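Enquirer: Would you mind keeping the following structure in view while I ask a few things?
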Ligand code: V47
């Protein structure tokens, strides 16, 4: 196999195999892989590069899962730094940060054993009532699975109660890496790969769009990364409900995997490029600037990514794990980063409708 053979496959629209994926991860010429991925991104989206105006809320960090890579969660209510916002606290928290024109709130929480199910629909209803312009992208598949188990419902019952209360789509977190071997070591106490995929299948059948992710740079092999991508590709063939793939680079501060160095910029750019090439049926690839750092995220936009996420406003999960990115980016900063890469900034909604605003 060589890169030319892969280029021909890509140009003729032939699907890449697992072996091709492993080859792309091992090929010494990163720039050749990135250039090929960039050509696919140009074909799909031209120079259009998406961003959104959003805000992150983590209303509780109490989590009974104990994933080794997580610096955000606290195992029990009452432990130092453990917190749970009441719905009124969450209202205040959003009010202090909300600006007219914002379009999305992204909510991810711990698996908190001390809350009744009603907490979640109440939170969504409060946001829908008080901030009706915000699309609510909330609760990873791991959380939905946990609600179903803990409160004795099916995924579909949970999804329909949450949708009635205002849920608009699901974020992509909690997928980590689908390999059984790795999950057993780093995140054994939560939804399995099949359970994560089942929630997304159910969400798509229920009419919700969702995102998908892959945590890389812990103990996974290249083959396990490729297997992860192929499992997402397979579900996408079935449902078409994934909007965007977001690779998530392991950050090593404040967690139990501190001895691992975490990925370098070259690893980051390669994962972006290979995912653009392998995930031929997922429309968008996101370079999440909080996780990559601003400069690597900007470079990733020339290696296959066509989305940089949004203003974010007070991210906790990566900052507690050592991210040195700022707390938030302004809309002008985002547009400048994109334009300086020779690309065209385009504000979007959570579901990738373009937003035009008067200058
Ligand atoms: O599920 C946690 C990951 C995820 C660490 O859908 C870590 O648009 C690296 O999913 N190092 C949450 N990764 C974030 C997430 C996300 C972010 C932005 C946009 C979207 C979207 C989704 O972060 C977790 C886990 O996979 N994570 N700790 C860490 N130390």
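Enquirer: Using only Cα atoms, find the angle between the long axis of helix 222-239 and the longest principal axis of the chain, and express it within 0 to 90 degrees, rounded to the nearest 10.
Expert: 70 degrees
Enquirer: I need the shape label for the chain. Rule: rounded when a/c is under 1.5, else prolate if a/b > b/c, else oblate, with a, b, c from the alpha carbon gyration tensor.
Expert: On the way: a/c = 1.56, a/b = 1.32, b/c = 1.18.
The shape class here is prolate.
Enquirer: Sticking with this structure for a sec: Stretched out fully, how many nm does the piece from residue 185 to residue 258 gain, at 0.36 nm a residue minus the Cα gap?
Expert: Taking 0.36 nm per residue and subtracting the Cα distance, the gain is 24.8 nm.
Enquirer: If each residue's Cβ is checked for other Cβ atoms within 10 Å, how do 285, 266 rank with the fewest at the top?
Expert: On the way: 285 28, 266 10.
By the 10 Å Cβ count, ascending, the order reads 266, 285.
Enquirer: Any idea how far apart residue 156 and residue 64 come out in nm if each label point goes 7 Å out from Cα toward Cβ?
Expert: Result: 2.7 nm between the two label points.
Enquirer: Please give the contour-minus-distance gain from residue 206 to residue 222: 0.36 nm per residue of separation, less the Cα-Cα distance, rounded to one decimal in nm. Before the final figure, lay out each step's value.
Expert: Details: separation 16, 0.36 × 16 = 5.76 nm, distance 3.33 nm.
Length gained between residue 206 and residue 222: 2.4 nm.
Enquirer: Further question on the same structure: What is the order of 332, 202, 114, fewest Cβ neighbours within 10 Å to most?
Expert: Numbers: 332 9, 202 23, 114 12.
If I rank by nearby Cβ atoms, fewest first, I get 332, 114, 202.
Enquirer: What 222 nm value per residue comes from the helices of the chain, counting each DSSP H run with n ≥ 4 as -39,500 (n - 2.57) and dividing by all residues, nearest 500 deg cm²/dmol?
Expert: Working: 14 runs with 151 residues, N = 359.
It lands at -12500 deg cm²/dmol.
Enquirer: For region 129-177, what does the alpha-carbon gyration tensor say about shape, rounded, prolate or oblate, given a ≥ b ≥ c as the root eigenvalues, a/c under 1.5 as rounded, and a/b over b/c as prolate? Show your work: numbers first, answer last.
Expert: Details: a/c = 2.90, a/b = 1.33, b/c = 2.18.
Oblate, because a/c is 1.5 or more while a/b does not exceed b/c.
Enquirer: Another one. Put a dot 7 Å past each Cα toward the Cβ at residue 357 and residue 14; how far apart are the dots in nm?
Expert: Modelled inter-label distance: 4.6 nm.
Enquirer: Springs between alpha-carbon atoms under 10 Å, Gaussian network over the chain: tell me which of 144, 222, 334 tops the mean-square fluctuations.
Expert: 222
Enquirer: Given Cα pairs under 8 Å that are at least 6 residues apart, what percent is the relative contact order of the chain? Present the calculation step by step, with values, prior to reporting the outcome.
Expert: Details: 685 pairs, mean separation 82.0, N = 359.
RCO, the chain: 23 percent.
Enquirer: Which order do peptides 241-254, 126-139, 340-353 fall in by mean Cβ count within 10 Å, highest first? Show your work: numbers first, answer last.
Expert: Values: 241-254: 21.6, 126-139: 18.4, 340-353: 15.9.
Going by the mean number of other Cβ atoms within 10 Å, highest first, we get 241-254, 126-139, 340-353.
Enquirer: Take every Cα pair under 8 Å in region 7-161 that's 6+ residues apart, average their separations, divide by the length, and report that relative contact order as a whole percent.
Expert: Values: 157 pairs, mean separation 30.4, N = 155.
Answer for region 7-161 is 20 percent.
Enquirer: Using only the Cα atoms of region 46-183, build the gyration tensor, take square roots of its eigenvalues as a ≥ b ≥ c, and label the shape rounded, prolate or oblate: rounded if a/c is under 1.5, else prolate if a/b is larger than b/c, else oblate.
Expert: Numbers: a/c = 1.40, a/b = 1.22, b/c = 1.15.
In terms of gyration-tensor shape, rounded.
Enquirer: Antiparallel versus total DSSP beta bridges in the chain: what percent is that, nearest 5?
Expert: Numbers: 2 of 30 bridges.
Taking every DSSP beta bridge with both residues in the chain, the antiparallel ones total about 5 percent.
Enquirer: Extending each Cα 7 Å along its Cβ direction at residue 344 and residue 327, get the distance between those two points in nm, one decimal.
Expert: Between residue 344 and residue 327, the label points sit 3.6 nm apart.
Computed from the coordinates by the stated procedures, all read-outs in this text should not be read as laboratory data. Computed from a predicted model, the values in this text were never measured in an experiment. As a convention, Cβ positions derive from the backbone with ideal geometry for all residues, glycine included, and neighbour counts pool all protein chains shown.
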